[in-house]
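Data block below; observations after.
Rule-based calculations on the coordinates, nothing more; no lab input. The model shown is predicted, which means the values in this text are computed figures rather than measured ones. We place every Cβ from the backbone using ideal geometry, glycine too, and count neighbours over all the protein chains shown.
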Amino acid sequence: MKIEVLGDERTVVAFSLAGIRGKVVASREDVLRIVKESKDVCVFLVADEYYPYDYDKDLPILIRIPRRR
């Protein structure tokens, strides 16, 4: 099972130090596009400001995380 973080640059860098890969996004639409295109990631950690509240699928799992300030 693969985990990936989606968020701003600081959040992605912080998680990469813990060994979790990620992608920098600029909008909720970017998050939805990445989730739809990804076939091998089961869990996405999504920064709060980019979390798509209208996401209604069971897989992959999206977990909202607070943004680092």
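Kindly indicate whether residue 34 is assigned to a helix (DSSP H, G or I) and in contact (Cβ under 8 Å) with a residue 12 or more places away in the chain. Yes. All conditions in (1) in a loop (DSSP other than H, G, I, E, B); (2) in contact (Cβ under 8 Å) with a residue 40 or more places away in the chain; (3) among the aliphatic types (A, V, I, L, M) hold for residue 45, with the sole exception of (1). Screening the candidates 5, 41 for the property of being touching an Asp or Glu at 6+ places or on another chain (Cβ under 6 Å) and surrounded by 15 or more Cβ atoms within 10 Å (Cβ to Cβ) yields one hit, 41. In the set (1) in contact with an Asp or Glu (Cβ under 9 Å, 6 or more places away or on another chain); (2) surrounded by 14 or more Cβ atoms within 10 Å (Cβ to Cβ), the condition left unmet by residue 11 is number (1).
Does residue 4 satisfy being touching a Gly at 6+ places or on another chain (Cβ under 7 Å) and charged (D, E, K, R)? So residue 4 passes the test. The number of residues in the stretch 48-65 being in contact with a strand residue (DSSP E or B) (Cβ under 8 Å, 6 or more places away or on another chain) and assigned to a loop (DSSP other than H, G, I, E, B) comes to 5.
In the set (1) among the aliphatic types (A, V, I, L, M); (2) touching a residue at least 24 places away in the same chain (Cβ under 8 Å); (3) over 15 Å from residue 9 (Cα atoms), residue 61 fails one condition alone, (2).
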